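Here is the structure we will look at, set down as structure tokens.
Readers should treat all values here as calculations from the given coordinates under stated rules, not as data from a laboratory. Predicted model only: the values in this text are computed from it and were never measured. All Cβ positions, glycine included, derive from the backbone under ideal geometry; neighbour counts span all protein chains shown.
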Amino acid sequence: MEKNLEALKQKALACTACQLCQGRHNVVFGVGQPDAEVMFIGEGPGENEDLQGEPFVGRGGQMLDRLLAVVDLDRNRNIYIANIVKCRPPHNRDPLPQEQECCIGYLRSQVAIIRPKILVCLGRIAACRIISPDFRVTKQHGQWFVRSGVHMMGTYHPASLLRNPRQKPECFEDFLGLRDKIIEICTHTYPQQQQR
Ligand code: URA
Ligand code: SF4
């Protein structure tokens, strides 16, 4: 396994391991800080992400950035963001199980290199893959799970909030819970923690 993020990225950029390589403009590897204690995981690139090569840059991404800002998180400062699959599924369909299986090794390596303390799954696909196969977002969002010392939580996908604005207060609560968890277990995510 690649020991450094840049080498892993170069490998992903050339990947043709599954059929999703065929329609892509860019491999969307991930963005953020290599020393992040908090990592966000989406399902896969959409149109804008495919064109720009960065996760969550469309309307859903703007929604995510606003939620992040509320709890003092920022992809340019103190988190890392990646997806289950790195290439865009056609017409934004869900990534197939076999495509997820093909690609998940990159995410596992990203987690192994970055070693985040907290994983936040954005939406059903990521939560089912990372937390448990029968995860129900409407019932279990905001709940914390711990595996191998890593704290994990699933919440609504930002695109889902755009379609169902009534989910926003619940998602907002989940982000406040995230802030509490960061204050509890992280050491350098917030500026005041760096002074400790
Ligand atoms: N939706 C996702 O799950 N990931 C992205 O990067 C963009 C939209
Ligand atoms: Fe490779 Fe993942 Fe892209 Fe499939 S989706 S081609 S496994 S990088």
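Starting from the exponent 0.38 and prefactor 2.2 Å, build the expected Rg for the stretch 47-101 from its residue count and divide its actual Cα Rg by it.
Taking N as the residue count of the stretch 47-101, the ratio is 1.26.
To the nearest µm²/s, what D does Stokes-Einstein give for the chain at 25 °C and 0.890 mPa s, using the Kirkwood radius over alpha carbon pairs as Rh? Mind dumping the intermediate values first?
Numbers: Rh = 16.7 Å.
Translational diffusion coefficient: 147 µm²/s.
Return the FRET efficiency for the residue pair residue 47, residue 147: r is the Cβ-Cβ distance, R0 is 35 Å, and the value is rounded to the nearest 0.05.
0.60
Give the long-range amide H neighbours of residue 40: residues separated by 5 or more places, or on another chain, with amide H under 5 Å away, using H modelled in the peptide plane at 1.01 Å from N.
80, 81, 82, 120
Where does the chain land at 222 nm, in deg cm²/dmol rounded to the nearest 500, when only DSSP H runs of n ≥ 4 count, each adding -39500 (n - 2.57), divided by all residues?
Dividing the helical sum by the residues of the chain leaves -12500 deg cm²/dmol.
For the stretch 94-188, take the convex hull of the Cα atoms, compute a quarter of its surface area, and give me that in nm², please.
One quarter of the hull surface, i.e. the mean projection, equals 6.6 nm².
Could you derive backbone 3J(HN,Hα) for the stretch 4-17 from the dihedral phi with the Karplus parameters 6.51, -1.76 and 1.60 (θ = phi - 60°), listing whole Hz in sequence and x where the residue is Gly or Pro?
10, 4, 5, 5, 5, 4, 4, 5, 5, 4, 9, 6, 10, 6
Full extension from residue 70 to residue 162: what is 0.36 nm times the residue separation minus their Cα-Cα distance, to one decimal in nm?
Going from the current span to full extension adds 31.4 nm.
When the C-alpha atoms of the stretch 81-150 are aligned to their principal axes, what extent does each axis show, in angstrom, from largest down?
The Cα atoms of the stretch 81-150 stretch 34, 31, 18 Å along their principal axes.
What share of the DSSP beta bridges in the stretch 24-160 is antiparallel, in percent to the nearest 5?
30
Applying the Karplus parametrisation 6.51 cos²θ - 1.76 cosθ + 1.60 with θ = phi - 60° to the phi angles of the stretch 107-119, what ³J(HN,Hα) value in whole Hz is obtained for each residue in order, glycine and proline being reported as x?
5, 4, 5, 4, 5, 5, 7, 6, 6, x, 8, 10, 10
Give me the count of lysine pairs in the chain whose alpha carbons sit under 21 angstrom apart, restricted to pairs 8 or more positions apart or on different chains.
Counting lysine pairs in the chain gives 9.
Give me the log10 of I(q) over I(0) for the stretch 1-108 at q = 0.10, 0.16, 0.20, 0.24 Å⁻¹, as the Debye formula computes it from C-alpha points; what are the numbers?
The Debye formula, applied to the Cα set alone, gives -0.26, -0.68, -1.05, -1.40.
Name the shape class, rounded, prolate or oblate, that the alpha-carbon gyration tensor gives for the stretch 1-50, where a ≥ b ≥ c are the square roots of its eigenvalues, rounded holds for a/c under 1.5, and otherwise prolate holds if a/b is larger than b/c and oblate otherwise. Don't skip to the answer; put the middle values down first.
Working: a/c = 2.39, a/b = 1.32, b/c = 1.81.
Because a/c hits 1.5 or more and a/b fails to exceed b/c, the stretch 1-50 counts as oblate.
With a 10 Å radius around each residue's Cβ, average the other Cβ atoms per peptide and rank 116-129, 90-103, highest first.
Result, highest mean first: 116-129, 90-103.
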